[in-house]
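S.K.: Before I ask anything, here is the structure I am working with.
The values are calculated or read from the model by the stated rules, or taken from the named source; none is laboratory data. What you are looking at is a predicted structure, and each value in this text was computed from that prediction instead of being measured. Cβ atoms come from the backbone with ideal geometry, glycine included; neighbour counts cover every protein chain shown. Accessible surface areas use protein heavy atoms only, side chains included; no ligands, DNA or RNA. Shrake-Rupley method; radii C 1.70, N 1.55, O 1.52, S 1.80 Å.
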Amino acid sequence: MQFDTIILGAGAAGLMCAAHCGGRALVVDHARAAGEKIRISGGGRCNFTNTGCEPANFLSENPHFAKSALARYTPWDFVSLVSEHGIAWHEKTLGQLFCDDSAKQIVAMLLDMIAQAGAELRLRCAIREVRHDGSRYHVSLDHDGRQVQATARSLVVATGGKSIPKMGATGLAYDIARQFGHHLTDIRPALVPFTFPDKQFAPLSGVAVPARARAANGPSFDEALLFTHRGLSGPSILQISSYWHEGEPVHLDLLPRTDAFAALKSARSEAGRRSLSRVLATLLPARLADAIAADLALPGNLADCSDAVLHQVAARLHDWQPLPQGTEGYRTAEVTLGGVSTDGLSSATMESKTRPGLYFIGECVDVTGWLGGYNFQWAWASAMAAAQAL
Ligand code: FDA
């Protein structure tokens, strides 16, 4: 089978590229259905972009790499596409755009587009071997027990990262990158909950609070924090997991919009006979207030607490520093941080600088977005950069 372009991976980036690249294109994937991560994303409604998308919302060893692609295909370009296809959408919070009805509409839109473009989609295809003979790429496929050979001038690798192996994620993109002499940056699970020893937060499981969270060397995020059976989760925690390194505590402000010392001091002068946990319960969910009061082990009423003690309590609320044991890993991580080094790729086209005709797009590249629609925007934008060059 001869093609102009073979695209490995029928996820967000692969489908978007196939819909726009023109020529004879083949898209192959080992999954039973295309765009499975799109389908389950955003709680089934797909947070397909973010109106505030900026290069600063992405992590990469080269923070400039994503600029060109992101500038040339913006969130509003994708919004136009979605609107043209009659998909209703809304902004939930913080610029995050979701489908009103279902993420399946985004998958259906992309599949319609690739059918219109005349691209061929082959699912349930195992990729056995990829090689280059000096002028064409050859891909050996195993399709329903049959060996199939496909060749093309260009090969686009869009097989994503390692997150959620149960959904078919593999490290294929990294293997192909290595095979063709590309470097990889360190990869690890990101946008992932933290685990703690001895299930210490299990009694608080289900408690959610607005919080300001920060890892040692990262920005802070004002979003919800959720206590789970295994540890800490919620958007603020997922965000900082991308900046966290093993052995470091995280910094959590449980009352980001309140001056805790001032609140405790005024409670002491107004009702000094109340216990600390009762006062904390006016500021935080009761179960969390009880746990913090028990943890601080302060005797007596508020009236017995000196200013120094109130400062100590306030510090616990504004800069709590729990030490995660680890993360839930690729099993639940929304993305893989790191990947194919951008050093070897053109930022304008995503093409290999050393292997003409070889492209890497989407999550497999060392460009990782924040939570909130940024990773899909990178998938669309990097796919378009490659598609326009193919
Ligand atoms: P993607 O993973 O989408 O596609 C890769 C494709 O390659 C898959 O179809 C896979 O089957 C195939 N493949 C892999 N290995 C293969 C092999 N060896 N052989 C053949 N095929 C192979 N982002 C966002 O912006 N907004 C959101 O709401 C969410 N929500 C979300 C929820 C959950 C639960 C997860 C896990 C992730 C998200 N994300 C997200 C992240 C987003 O899904 C992710 O960044 C993009 O899907 C990446 O697109 P890619 O096309 O690069 O990879």
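S.K.: Go through G171, G160 for me and flag whichever is closer than 26 Å to N57 by Cα, within 16 Å of the ligand (Cβ to nearest atom) and in contact with a helix residue (DSSP H, G or I) (Cβ under 8 Å, 6 or more places away or on another chain). I'd like the intermediate steps shown before the answer.
M.R.: Working: G171 fails: in contact with a helix residue (DSSP H, G or I) (Cβ under 8 Å, 6 or more places away or on another chain).
On inspection, the qualifying residue turns out to be G160.
S.K.: Within the stretch 54-66, identify whether any single residue is within 13 Å of the ligand (Cβ to nearest atom) and more than 16 Å from the chain's Cα centre (by Cα), and answer yes or no.
M.R.: no
S.K.: Collect the residues in the stretch 301-340 that are small (G, A, S) and within 16 Å of the ligand (Cβ to nearest atom), keeping them in residue-number order.
M.R.: As a first pass, look at the stretch 301-340 and keep what is small (G, A, S): 303, 306, 308, 314-315, 326, 329, 333, 338-339.
Passing the criteria: G329, A333, G338, G339.
S.K.: Any residue that is near the ligand (Cβ under 10 Å from one of its atoms), open to solvent by 40 Å² or more (accessible area, probe 1.4 Å) and not basic (K, R) - is there at least one of those in the stretch 34-42? Show your work before the answer.
M.R.: Here is the first cut: in the stretch 34-42, the ones near the ligand (Cβ under 10 Å from one of its atoms) are 34-42.
Now restrict to residues that are open to solvent by 40 Å² or more (accessible area, probe 1.4 Å): 36-37, 39-40.
Now narrow it down to the ones that are not basic (K, R): 36, 40.
Within the stretch 34-42, one or more residues are near the ligand (Cβ under 10 Å from one of its atoms), open to solvent by 40 Å² or more (accessible area, probe 1.4 Å) and not basic (K, R).
S.K.: Does T342 satisfy the criteria of being closer than 30 Å to F196 by Cβ, modelled with pLDDT of 95 or more and either hydroxyl-bearing (S, T, Y) or buried (at least 21 other Cβ atoms within 10 Å of the Cβ) (or both)? Steps first, answer last, please.
M.R.: On the way: closer than 30 Å to F196 by Cβ: no; modelled with pLDDT of 95 or more: yes; either hydroxyl-bearing (S, T, Y) or buried (at least 21 other Cβ atoms within 10 Å of the Cβ) (or both): yes.
Answer is no for this residue.
S.K.: Name the single residue, out of those in the stretch 176-192 being aliphatic (A, V, I, L, M) and either in a loop (DSSP other than H, G, I, E, B) or closer than 19 Å to L141 by Cβ (or both), that is farthest from the ligand (Cβ to nearest atom). Don't jump to the end; show me each part of the working.
M.R.: So the first thing to find is which residues in the stretch 176-192 are aliphatic (A, V, I, L, M), and the list is 176-177, 184, 187, 190-192.
Retained after the next criterion (residues that are either in a loop (DSSP other than H, G, I, E, B) or closer than 19 Å to L141 by Cβ (or both)): 176, 187, 191-192.
Values: I176: 9, I187: 13, L191: 7, V192: 10 Å.
Top of the filtered list is I187.
S.K.: If you check every pair at least six apart or on different chains, which have Cβ atoms under 7 Å apart with a residue in the stretch 65-89 that is closer than 11 Å to C99 by Cα first and a residue that is surrounded by 15 or more Cβ atoms within 10 Å (Cβ to Cβ) and among the aromatic types (F, W, Y) second?
M.R.: V82/F48; V82/W89; W89/F98
S.K.: At least 2 residues that are surrounded by 14 or more Cβ atoms within 10 Å (Cβ to Cβ) in each: list the strands (runs of 3 or more DSSP E) lying fully within the stretch 82-175 that qualify.
M.R.: On the way: elements: 89-91, 96-99, 120-122, 125-132, 137-143, 146-157.
Those strands (runs of 3 or more DSSP E) span 96-99, 120-122, 125-132, 137-143, 146-157.
S.K.: Let me ask another. Given the conditions (1) within 39 Å of the chain's Cα centre (by Cα); (2) assigned to a helix (DSSP H, G or I), and given that P324 satisfies all but one, which numbered condition is not satisfied?
M.R.: Checking P324 against (1) within 39 Å of the chain's Cα centre (by Cα); (2) assigned to a helix (DSSP H, G or I), the one that fails is (2).
S.K.: Condition test on A224, is it of a type in the set (A, V, I, L, M), at pLDDT 95 or above and surrounded by 23 or more Cβ atoms within 10 Å (Cβ to Cβ)?
M.R.: On the way: of a type in the set (A, V, I, L, M): yes; at pLDDT 95 or above: yes; surrounded by 23 or more Cβ atoms within 10 Å (Cβ to Cβ): no.
Considered against the rule, which asks whether it is of a type in the set (A, V, I, L, M), at pLDDT 95 or above and surrounded by 23 or more Cβ atoms within 10 Å (Cβ to Cβ), A224 comes out as no.
S.K.: When you scan the stretch 230-275, how many residues do you find that are touching a Phe, Trp or Tyr at 6+ places or on another chain (Cβ under 8 Å) and not aromatic (F, W, Y)? Can you show your working first?
M.R.: Residues of the stretch 230-275 touching a Phe, Trp or Tyr at 6+ places or on another chain (Cβ under 8 Å): 230-233, 235-237, 239-242, 244, 250-254.
Remaining after also requiring not aromatic (F, W, Y): 230-233, 235-237, 239-242, 250-254.
Total satisfying the criteria: 16.
S.K.: Turning to a different aspect of this structure: Looking for something more than 8 Å from the ligand (Cβ to nearest atom) and either surrounded by fewer than 18 Cβ atoms within 10 Å (Cβ to Cβ) or aromatic (F, W, Y) (or both) - is there at least one such residue anywhere in the stretch 13-21?
M.R.: No; the residues of the stretch 13-21 include none that is more than 8 Å from the ligand (Cβ to nearest atom) and either surrounded by fewer than 18 Cβ atoms within 10 Å (Cβ to Cβ) or aromatic (F, W, Y) (or both).
S.K.: Separate question: Any idea how many residues of the stretch 345-390 are within 10 Å of the ligand (Cβ to nearest atom), small (G, A, S) and either assigned to a helix (DSSP H, G or I) or surrounded by fewer than 24 Cβ atoms within 10 Å (Cβ to Cβ) (or both)?
M.R.: 4
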